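The values are calculated or read from the model by the stated rules, or taken from the named source; none is laboratory data. Just so we're clear, the structure is a prediction, and the values are computed from it rather than from any experiment. When we count neighbours, we look across all protein chains shown, and the Cβ atoms used for this are built from the backbone with ideal geometry, even at glycine.
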Protein chains: 2
Amino acid sequence: MRILVVEDERKVGEELRRALESAGHVVEQARDGETAWFLGDTEDFDLAVLDLGLPRLDGVQVLKRWRANGRTMPVLILTARDGWSEKVECIDAGADDYLVKPFRIEEFMARVRALLRRATGHVSAKLSLGDVVVDTRISRVLMGGMPVDLSPMEYRLVHYLMHHVGRAAPQIELTEHIYAQDFERNANAIEVLVARIRRKLGDDFIKTRRGYGYYVGELDEGEGKP
Amino acid sequence: MRILVVEDERKVGEELRRALESAGHVVEQARDGETAWFLGDTEDFDLAVLDLGLPRLDGVQVLKRWRANGRTMPVLILTARDGWSEKVECIDAGADDYLVKPFRIEEFMARVRALLRRATGHVSAKLSLGDVVVDTRISRVLMGGMPVDLSPMEYRLVHYLMHHVGRAAPQIELTEHIYAQDFERNANAIEVLVARIRRKLGDDFIKTRRGYGYYVGELDEGEGKP
DNA sequence: CGGCGGTCGTCAGCCAATTGTCATGCGCGC
DNA sequence: GCGCGCATGACAATTGGCTGACGACCGCCG
């Protein structure tokens, strides 16, 4: 998943980044409100983590502007203050969850997991489709009850597709959500990755829609041709 | 055992944590109702200790929500009020035991033991896996009945892994659980530690899942919360 | 105080798994 | 049937993890 972390304290930001990345996410960072607003408004994220005490543009304002522009990704608010009224303001502004500093990194990760799966309509930490199950808590994939050994990159790709069952994801989108941002995009890398996954999960788990991208499950109704 | 302690008074919370940890348990803490609810809902615990007078979301409500979501771990209620009707409400909400503050720590621990025993059928201060036994009461490790001399750091790492059998723990997570918080993280330190433990406990006790982390036992087949 | 033994982080070099790149060939969809 | 987009096998680069050596540090003890 691609996650935007907005946090002005470098040390905290780096810690969050490390934790998120070791769970297989792609992290982009911003250290001030304006950058945050711009990034969140112009790029596609699966989740935003937003500190309230920001230079140049307050966190709540950033959130409000995102929502005003129709950005719908889940937002997890971080704050040092534990104020009831501030919390209400955030919720009204469209925050999805709220975490008071200091917090334990495990709790942070638990909330991230909760938001990510809530956002895509899944209720549990497991995504399943046919006889394939992705357990996001332990980063593991099972097929027919048997564990399948996926490498980290392979896992990321499967994880992303499983969050978007029935929708064809173009290679460029996969690239953006799986690799760090400055990655030199080469479509073939994704193709190779898909081929390797198919060797492990079967040829028909990841399907191709020529010209549109890859998908799992059945294509949604209305994915008609233009 | 992994225990969730929900207590808003920092001092009491820390005391409970110390007592539980020195009995060989792993403790996670929450200081308000919402955090408690999230943690208990998204992670697995063998027991929850729940104070009633919580900020942001009352203890009884937390308990009700857990039960409503199908969480079944035993719950020990702590309260300053000694009301008959309140107790009935808690029991109805799904509490397993009820302790009125102030209490002696010994009594608390006795009730914890009782609940754990009831829940798991057995409870001891020993974790064992194959021919390796970790006796958390005296902080020692035995292999095939013979004591093995582990240094403090080595012991902590083994102890942590034994509490999470079957799950690959990333180096970052190990670092956070083994060292003091602001420790300058260097992945190689963990690798070296693992190498030293392998020399003492055998090469195949701690296994590596490349890109994901270290684990003991067999990798989880992913059972747990549906 | 000074030597000793044990602990533990750092470093550099090595190895192997992972992952990107390339060349080539196939086949889907128009 | 044609051509572009995708698939694939081989290969190379990169990364993650392992190890032996080293030295800083600390507590102990004479």
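In the stretch A:188-216, how many residues are of a type outside the set (A, V, I, L, M, F, W, C) and in contact with a His (Cβ under 9 Å, 6 or more places away or on another chain)?
Residues that pass the stated criteria total 1.
A:Tyr160 is checked against (1) within 14 Å of chain B (Cβ to nearest Cβ); (2) away from DNA strand D (no atom under 14 Å from the Cβ); (3) buried (at least 20 other Cβ atoms within 10 Å of the Cβ) and fails just one. What number does that condition carry?
(1)
Can you tell me how many residues within the stretch A:176-198 are within 11 Å of DNA strand C (Cβ to nearest atom) and free of Cβ contacts under 8 Å to residues at least 12 places away in the same chain? I'd like the intermediate steps shown before the answer.
Going through the stretch A:176-198, the residues within 11 Å of DNA strand C (Cβ to nearest atom) turn out to be A:178-180, A:183-197.
Cutting the leftovers down to free of Cβ contacts under 8 Å to residues at least 12 places away in the same chain gives us A:183-184, A:186, A:188, A:192, A:195.
Final tally of qualifying residues: 6.
Restricting the search to the stretch A:1-21, which residues are within 21 Å of A:Arg118 (Cα to Cα), within 13 Å of another protein chain (Cβ to nearest Cβ) and not acidic (Asp, Glu)?
A:Leu16, A:Ala19, A:Leu20
From the list A:Arg113, A:Arg140, which residue is within 16 Å of DNA strand D (Cβ to nearest atom), at pLDDT 80 or above and not acidic (Asp, Glu)? Give the steps one after another, and end with the answer.
Working: A:Arg113 fails: within 16 Å of DNA strand D (Cβ to nearest atom).
It is A:Arg140.
Using the structure shown, decide if A:Ile77 is at pLDDT 85 or above and within 14 Å of another protein chain (Cβ to nearest Cβ). Before you say what the answer is, go through the steps one by one.
Values: at pLDDT 85 or above: yes; within 14 Å of another protein chain (Cβ to nearest Cβ): yes.
It is true that A:Ile77 is at pLDDT 85 or above and within 14 Å of another protein chain (Cβ to nearest Cβ).
Which one of the conditions (1) at pLDDT below 90; (2) near DNA strand C (Cβ under 10 Å from one of its atoms); (3) in contact with a Lys or Arg (Cβ under 9 Å, 6 or more places away or on another chain) does B:Pro226 fail to meet, given that it meets all the rest?
(2)
On the basis of being within 14 Å of chain A (Cβ to nearest Cβ) and out of contact with any Gly (no Cβ under 6 Å at 6 or more places or on another chain), does B:Ala68 make the cut?
Numbers: within 14 Å of chain A (Cβ to nearest Cβ): yes; out of contact with any Gly (no Cβ under 6 Å at 6 or more places or on another chain): yes.
Against the criterion (within 14 Å of chain A (Cβ to nearest Cβ) and out of contact with any Gly (no Cβ under 6 Å at 6 or more places or on another chain)), B:Ala68 qualifies.
Give the residues of the stretch B:185-211 that are within 7 Å of DNA strand D (Cβ to nearest atom) and outside any loop (DSSP other than H, G, I, E, B), sorted by residue number.
Result: B:Ala187, B:Asn188, B:Glu191, B:Val192, B:Val194, B:Ala195, B:Arg198, B:Thr208.
Condition check ((1) within 16 Å of DNA strand C (Cβ to nearest atom); (2) without any contact (Cβ under 8 Å) to a residue 60 or more places away in the chain; (3) within 14 Å of chain B (Cβ to nearest Cβ)) across all residues:
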{"position": "A:Leu116", "(1), (2), (3)": "no, no, yes"}
{"position": "A:Thr120", "(1), (2), (3)": "no, yes, no"}
{"position": "A:Asp131", "(1), (2), (3)": "no, yes, yes"}
{"position": "A:Leu174", "(1), (2), (3)": "yes, yes, no"}
